[in-house]
Amino acid sequence: MGLLNRLLLSIVAAALATPQVVIAHHSFAAEFDSNKVVTLTGSVTKVEWQNPHTFFYLDVKDDSGSVTNWALELGSPNGLMRDGWTRNTLKIGDVVTVEGSQARTGKPIANARVVTLRASGQRLFAASSQTAP
């Protein structure tokens, strides 16, 4: 086997051994139902500032006292920054109210339209691709 073949084989082997990140982008209507409007208040448990969508997670207590962790999808980091967000806008433990649309599956996942920070009362748009219901 020649040097060129060994080099090519090494490159292919390295590419196959490297984990590949696959990000599937979707339309709002494919995943969320604008008729399933939710308003959630809870405590932030995690923030994932990444492309193509930023996510944060919220512990929401229902009337019986049971806590559900909701995943909230926001727009892209770039879109959020244009709407006044920074990486430090949401912190673990912050209490927020979110207005948005629940996932079509009925799981505790929603696309946020507006996020209101309880401490300051600041109301931020979520750079969402959804239109008002």
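Below are the figures for this structure:
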read-out: Enumeration of residues in the range 70-88 that are under 16 Å from V44 (Cβ atoms), at pLDDT below 95 and surrounded by fewer than 21 Cβ atoms within 10 Å (Cβ to Cβ); value: T86, R87, N88
read-out: Selected residue (only one of S64, S43 is among the polar types (S, T, N, Q), touching a residue at least 40 places away in the same chain (Cβ under 8 Å) and either touching a Gly at 6+ places or on another chain (Cβ under 8 Å) or in a loop (DSSP other than H, G, I, E, B) (or both)); value: S43
read-out: Number of positions in the range 49-61 that are at pLDDT 95 or above and either of a type in the set (D, E) or outside any strand (DSSP E or B) (or both); value: 1
read-out: Test for V67: is it farther than 15 Å from F28 by Cα, β-branched (V, I, T), surrounded by fewer than 20 Cβ atoms within 10 Å (Cβ to Cβ) and under 13 Å from the mean Cα position of the chain (by Cα); value: no
read-out: Positions within the range 114-128 being crowded, with 17+ Cβ neighbours inside 10 Å and either at pLDDT 95 or above or over 14 Å from R82 (Cα atoms) (or both), in sequence order; value: V115, L117
read-out: Some residue of the range 74-88 being part of a loop (DSSP other than H, G, I, E, B) and among the β-branched types (V, I, T); value: yes
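The values are calculated or read from the model by the stated rules, or taken from the named source; none is laboratory data. As the structure is a computational prediction, the values presented were derived from the model and not from experiment. No Cβ is skipped: glycine too gets one built from the backbone with ideal geometry, and neighbour counts run over all protein chains shown.
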